[in-house]
Amino acid sequence: MAAPQVLVVGGGLIGAATAFYLSKKGAKPIVLEAVSPACSASGKAGGFLALDWCDSQATGPLARRSFALHEQLAKELGTDCGYRRVRTHSISVKPGATGAHAAGGASAVRRPPSLPGWVDTENIGQASVIGTEETTAQVHPELLTKALLAAAEAAGGSLQLAAAVGLRLAGEDDSGGGGGGGGAEGQRHVAEVRVRDRASGEEREVAADAVVFCMGAWSAQLRSWLPQLGGLEVSGLKVHSIVLADPPHRPTTADALFLAYRGSDGKSLEPEVYPRPNGQVYVCDVSEDDVAVPATAADVLPRPDAIATLQGVAASVSKDLGAAELLQGQACLLPCTADGLPVIGRVPGLANAYVATGHSCWGILQAPATGEAVAELVVDGAARSTNLRAFDPARLARQAARRQR
Ligand SMILES: Cc1cc2nc3c(=O)[nH]c(=O)nc-3n(C[C@H](O)[C@H](O)[C@H](O)COP(=O)(O)OP(=O)(O)OC[C@H]3O[C@@H](n4cnc5c(N)ncnc54)[C@H](O)[C@@H]3O)c2cc1C
């Protein structure tokens, strides 16, 4: 039997992991990416991973399975994706700290023994260890996304820089743009996806045995293509981040920092600071609610004041970070769902359409187990490695009905 061809719409980490595990199961994934691989959240995320921080939520098993898969991938892919175990600290920064440090750099308070040597104590209030090398780790999300796509391509898959712009369900004419009403379970299916080539702008139809939609913050678009997903609500929370060059004096260590920070303007933030094995340092926070999702990820631009704030955060914990060169100041959209849970599974009423989206702030962690389970669902008809019941897209219609009451 010929290998099933599976269209994966979206070249973020969820799409890349899905393509990778599909290719491991003998399918031929064709990844459609509207802009470039890892151009959005998956290229601009921190990459922090935790074994048990989702345990109190329905995503707990997905996170635990993924934590193990990340370690496995680091060995299996044969490419350096910046994976390592880290020690994780909670640190409160004194209100109003701006990065100005005491003359001569003398520490004002006794250094907690657990505090990494590159963190200055002048501006630090309290510090505690909240994750050990047993339970927390990190990965470079962009490198991992690209490595998974490359591995899927090496196994016979392909990547096309083109946007999905519409669908044709079986039995309909090819006017495109919208789907008809759902028929009996399993009878209707996506016959073709209309795609627009990024370079030429030309449109064409692509047929496949199955389609998996991994469109991140752009997933709400699916509602106009698939009435079966009418209840799907995915918003994009705009979040800023910076990447600093290897700081000049004290090398950073395998420590991740979760900060409680109040700037001189009185605004509270909870920034995260992740030194990476390549010496660069990633810092994120400063979000904007109610941002309309623009046409593509290329249209999500950072605000200069947010980037300056993040540089101030970095300087407040370490004068070395304050002196480090700014390599990237960026923003992207976090894909968030109305009920806070990802949407993973088969689209109700369609035999060959699947969705995997809405992983919010844990999509890097949860991507491998998501991709693995979706590949099982597509190829074997059931996900065995992780129970996806809590993430079933069928819940969306029930939620929409409740909202209308
Ligand atoms: C600042 C920040 C820090 C984060 N840090 C962490 C962290 O430390 N740990 C963690 O676990 N998670 C983290 N996350 C969350 C994580 O980044 C996301 O959950 C995850 O990247 C979502 O992946 P995705 O593939 O669903 O979406 P995306 O990465 O947004 O990818 C979706 C892709 O689909 C493409 N696309 C959309 N529409 C179409 C179309 N019609 N046709 C073709 N392509 C299309 C887009 O161009 C995009 O490339 C962070 C997020 C942010 C914003």
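Structure values in brief
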quantity: Subset of region 74-91 [aliphatic (A, V, I, L, M) and more than 14 Å from the ligand (Cβ to nearest atom)]; calculated: A74, L77, I91
quantity: Yes/no for V291 being farther than 21 Å from I91 by Cβ, open to solvent by less than 70 Å² (accessible area, probe 1.4 Å) and within 16 Å of the ligand (Cβ to nearest atom); calculated: yes
quantity: Breaking point among (1) polar (S, T, N, Q); (2) modelled with pLDDT under 95; (3) closer than 25 Å to E202 by Cα, for Q187; calculated: (3)
quantity: Among residues of region 256-267, those that are surrounded by 17 or more Cβ atoms within 10 Å (Cβ to Cβ) and at positive phi, counted; calculated: 0
quantity: Unique residue being more than 21 Å from the chain's Cα centre (by Cα) and among the hydrophobic types (A, V, I, L, M, F, W, C) when the list is A220, A210; calculated: A210
quantity: Of residues in region 305-358 being in a strand (DSSP E or B) and of a type in the set (S, T, N, Q), the one least open to solvent (accessible area, probe 1.4 Å); calculated: T357
quantity: Selection count, region 4-37, where residues are small (G, A, S) and either within 9 Å of the ligand (Cβ to nearest atom) or not assigned by TED's automatic domain parsing to the domain that holds A356 (or both); calculated: 8
quantity: Residue satisfying all of: in region 38-61; touching a Phe, Trp or Tyr at 6+ places or on another chain (Cβ under 8 Å) and aliphatic (A, V, I, L, M); nearest to the ligand (Cβ to nearest atom) among these; calculated: L49
quantity: Matching residues, region 359-386, being buried (at least 23 other Cβ atoms within 10 Å of the Cβ), in contact with a Gly (Cβ under 9 Å, 6 or more places away or on another chain) and polar (S, T, N, Q); calculated: T370
quantity: Given (1) basic (K, R); (2) over 26 Å from A245 (Cβ atoms); (3) crowded, with 17+ Cβ neighbours inside 10 Å, number of the condition R276 does not satisfy; calculated: (2)
quantity: Every residue from region 234-255 that is open to solvent by less than 60 Å² (accessible area, probe 1.4 Å), farther than 19 Å from T309 by Cα and part of a strand (DSSP E or B); calculated: V234, G236, D255
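The values are calculated or read from the model by the stated rules, or taken from the named source; none is laboratory data. Note that this is a predicted model, so its numbers are computed, not measured. Cβ coordinates were reconstructed from backbone atoms using ideal geometry, including for glycine residues, and neighbour counts include every protein chain displayed. Accessible surface areas use protein heavy atoms only, side chains included; no ligands, DNA or RNA. Shrake-Rupley method; radii C 1.70, N 1.55, O 1.52, S 1.80 Å.
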